[in-house]
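Notes follow once the structure below has been shown.
Rule-based calculations on the coordinates, nothing more; no lab input. Keep in mind the model is a prediction, meaning the values are calculated, not measured. Cβ atoms come from the backbone with ideal geometry, glycine included; neighbour counts cover every protein chain shown.
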Amino acid sequence: MESTRFHDIFDQYFHGMRLSRALPGRTERMPLSEPVGDGVIRRLVTRSSMEIVLSDFRLLKDRTIQVASGGAMVELSFCLQGKGEVSVSGERHELAAGSCALQFMQGFRASFEYDKRDPVRSLAIGIPVSLFNDFMADESEGRSVNFAGLIGGGAFRKFQKPIDPRASYIISQMLERTDRAPARKLYMESKALELLSIYFETFLFDREQQTRKARLSKSDLDKVRQAGEILLGRMDCPPSLLELSRMVRLNDFKLKIGFKEMYGTTVFGYLRDNRLEQAMTLLQNGAANVSRAASIVGYANVSHFSESFRGKFGINPSEFIRRRAELD
C-alpha cells in the first residue's frame, strides 16, 4: 500500500504535465509536446523503490499542476535552472535556481506553478518513508531520527540551502549519462545515494561545520576549480600536488581542503574518478579497447587500470565491453 501511494504521487505530477507516456513503468522517457511545451522528463525507479526524476523543459504557457495524496514521502530536490512556486497544504515556497531542498510530506495537497518564460531543469529523488527510516536507523548513531519525529503532526516540513559544490559535481555526472548507457540504473542509484548522504548529514546530523576546519574564500575556491580543470586537461601526465599548488598559486594544504569541500574527495581521488569516468565513456562508445582506454586516461599498467575500474564500477573493463556488445 505504501509503495502504491508513493509512486502515485509522481504519476499524478506526470499526468498534470500531460506527458506522452508510451509505456508507463519503472524507467520512462516522457517528452513534452504542443500545446504543453517542449523538452523531456526522465523517470527511473530503483530496486529499492526510490524515484529519480530528471526534468529539462520549457512550457508554452503558464501551468499549474495539482497533486494530492493521503500517503507520505521524503524528497530531495535540486532546482538547477528556472523558477516557480509550490504551495503545500497552504504554505507557499519558492523554487529558485541553485537551491536544494529536503522535504517531508504526509496527507498533503500540493500545487506547482510554472512560468512559461523560464526553462526548467531539475532533479528530484523521492524516498519511501520506510526506506528513509531504514537509512536513519543505520546512520543516526543513537539519536532518534525518523520520519514521524521530523514531521510531527504536520503535513509538510522543509530544509533548504544553496546546492553544495560536491552535489553540483555529482549531478553533472548524472546528467552526462545517456539513456541507454550500460548499468545506467545502477550508476544513477549510486549517485542518488551519494547526494542523500551529503544532505542527510547537512540537514539532519549537522556535521557540515565539523568537517570544514578551514574556511576558504571565493578566490580560494576559484583556484581549486582551476586546479580541477588542470587535472582534467592533463589526465595522461598530471602534475604532482606541489606542482599543481604552484600552478594555481594556492598552498597545498588549502588545495587539499578545497578538493574535499568542493568535490568530496582528495586531489588524486578526483583525478582517479575522472580518469575512470572517461575510460568508461570510451569503452561505452566503442572508441577504444581496454589497453587503449587505459593509456588515454593515463594508466601505464593495464592490470592496475583494470583493478581500479573494477573497484569503481564493480565489473572488469573487458567484461563491460562484452556486455555492451550484447546490448548492441
Worksheet, complete the sentence: trypsin sites (Lys or Arg not before Pro) in region 51-135 lying in a DSSP loop, each with at most 15 other Cβ atoms within 10 Å of its Cβ, come to 61, 116, 117
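According to the Kirkwood expression over distinct Cα-Cα pairs, how big is the hydrodynamic radius of region 2-208, in Å?
Working: mean 1/r = 0.0573 Å⁻¹.
Radius from the Kirkwood sum: 17.4 Å.
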Practice prompt. Mind checking which lysines have their Cα closer than 18 Å to the Cα of residue 191? Skip sequence neighbours fewer than 8 apart in that chain.
Written response: 260, 312
Response to the item:
Taking region 274-328, the whole-percent share of alpha-carbon pairs separated by over 12 angstrom is 59 percent
Worksheet item: Got a sec? Charge dipole of the chain, +1 on Cβ for Lys and Arg, -1 for Asp and Glu; which of 175, 31, 280 is way out at the positive end?
Response: 280
Worksheet, complete the sentence: Sequence order, region 101-109: Karplus ³J(HN,Hα) from phi using 6.51 cos²θ - 1.76 cosθ + 1.60, θ = phi - 60°, Hz rounded, Gly and Pro as x, gives 9, 10, 10, 10, 9, 8, x, 10, 10
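With both bridge residues required to lie in the chain, what share of the DSSP beta bridges run antiparallel, to the nearest 5%? Could the numbers behind the result be given before it?
Working: 62 of 62 bridges.
Roughly 100 percent of the DSSP beta bridges within the chain come out antiparallel.
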Worksheet item: Among the lysines, which have Cα under 20 Å from the Cα of residue 254 when same-chain residues fewer than 8 positions away are ignored?
Response: 213, 218, 223
Response to the item:
Volume per residue (Å³) of the convex hull spanned by the alpha carbons of region 39-130 is 88 Å³
Discussion item. Quick check for me: using +1 on Lys/Arg Cβ and -1 on Asp/Glu Cβ, what's the dipole size of region 164-313 about its Cα centre, in debye to the nearest 20?
Written reply: 180 debye
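When Lys and Arg each count +1 and Asp and Glu each count -1, what net charge do the other residues less than 10 Å away from residue 92, Cβ to Cβ, add up to? Please list the in-between numbers first.
Working: positive: none; negative: 85, 91, 94, 113.
Net charge in that neighbourhood comes out at -4.
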Item to complete: Any lysines with Cα under 27 Å of the residue 116 Cα? List them, leaving off those in the same chain fewer than 8 positions away.
Response: 61, 83, 158, 161
Worksheet, complete the sentence: Hydrophobic long helices for the chain, i.e. whole DSSP H runs reaching 20 angstrom or more by Cα along the axis with Kyte-Doolittle mean at least 0.0, come out as 184-200
Worksheet item: Each residue of region 151-163 in turn: what ³J(HN,Hα) in whole Hz from Karplus with 6.51, -1.76, 1.60 and θ = phi - 60°, glycine and Pro shown as x?
Response: 8, x, x, x, 9, 7, 9, 9, 10, 9, 6, x, 5
